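Student: What follows is a single structure, and I will ask about it in a moment.
Each value in this text was obtained by applying a stated rule to the coordinates, not by laboratory testing. Treat the numbers as computed from the prediction; the structure is a model and nothing was measured. So basically every Cβ, Gly included, is an ideal-geometry build from the backbone, and we count neighbours across all protein chains shown.
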Amino acid sequence: MILSCKVEKPNYMAVEIERKFLVVCRDYQKESYQKAYLKQGFLNSNKNRVVRVRIQNGKGFLTVKGKSNANGTTRFEWEKEITCNDAENLLALCEKSLIEKNRYLVKSGNHVFEVDEFLGDNLGLVVAEIELQNEQELFKKPHWLGKEVTGKKKYYNSNLSKKPYKNWL
């Protein structure tokens, strides 16, 4: 028996190209045009895929990310908006600890940096990410941008939920 299904188009599906940096000072806060509180957890996190649940600005999201390429800049990403109630229920099913953070959006040239100030067990860690159109794309680096940590798995949110920043020493 063949079942037919109505297929909805996802909100977002693409190959994500991003680079990640540590942040050396809090000047980004003054330059930010938007701030949001995020809470997220992982229904599945292994080396081949991550399934994330997130609540941001009263909206819920379900996201699937594939395995990163060799230099950690590129991977498949699918995201779908879900109800906040569904997201809360799914967060209760997530692995280990949840990630909480404040996210600042900062324009720099033609790009936007997402600067995450982690809270809870990851308090003290501040990371900036930039999404690019291709791996060689040039971008303006703000003075508060520090060491690049692209591809360093310990900085992935899914790993921070298992081995938080406070335990790195």
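Student: Tell me, yes or no, whether the range 125-132 has at least one residue that is surrounded by 13 or more Cβ atoms within 10 Å (Cβ to Cβ) and outside any strand (DSSP E or B).
Tutor: Yes, because at least one residue in the range 125-132 is surrounded by 13 or more Cβ atoms within 10 Å (Cβ to Cβ) and outside any strand (DSSP E or B).
Student: Given the conditions (1) surrounded by fewer than 13 Cβ atoms within 10 Å (Cβ to Cβ); (2) part of a loop (DSSP other than H, G, I, E, B); (3) among the basic types (Lys, Arg), and given that Lys141 satisfies all but one, which numbered condition is not satisfied?
Tutor: It fails just one condition, (1).
Student: Within the bounds of the range 61-83, is there any residue that is touching a helix residue (DSSP H, G or I) at 6+ places or on another chain (Cβ under 6 Å) and not hydroxyl-bearing (Ser, Thr, Tyr)?
Tutor: no
Student: Does Tyr28 fit the bill of being crowded, with 16+ Cβ neighbours inside 10 Å, over 15 Å from Lys80 (Cβ atoms) and not aliphatic (A, V, I, L, M)?
Tutor: Answer is yes for this residue.
Student: Being part of a strand (DSSP E or B) and surrounded by fewer than 17 Cβ atoms within 10 Å (Cβ to Cβ) is the filter here, so list the residues in the range 112-124 that pass it.
Tutor: Listed by number, the list holds a single entry, Val112.
Residue-by-condition table, conditions (1) in contact with an Asp or Glu (Cβ under 9 Å, 6 or more places away or on another chain); (2) on the phi > 0 side of the Ramachandran plot; (3) in contact (Cβ under 8 Å) with a residue 60 or more places away in the chain:
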| position | (1), (2), (3) |
| --- | --- |
| Asp27 | no, no, yes |
| Gly41 | yes, no, yes |
| Asn48 | no, no, no |
| Asn71 | yes, no, yes |
| Leu91 | no, no, no |
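Student: Any residue that is part of a helix (DSSP H, G or I), surrounded by fewer than 20 Cβ atoms within 10 Å (Cβ to Cβ), in contact with a Gly (Cβ under 7 Å, 6 or more places away or on another chain) and not aliphatic (A, V, I, L, M) - is there at least one of those in the range 156-169?
Tutor: Looking for residues that are part of a helix (DSSP H, G or I), surrounded by fewer than 20 Cβ atoms within 10 Å (Cβ to Cβ), in contact with a Gly (Cβ under 7 Å, 6 or more places away or on another chain) and not aliphatic (A, V, I, L, M), one finds at least one in the range 156-169, hence yes.
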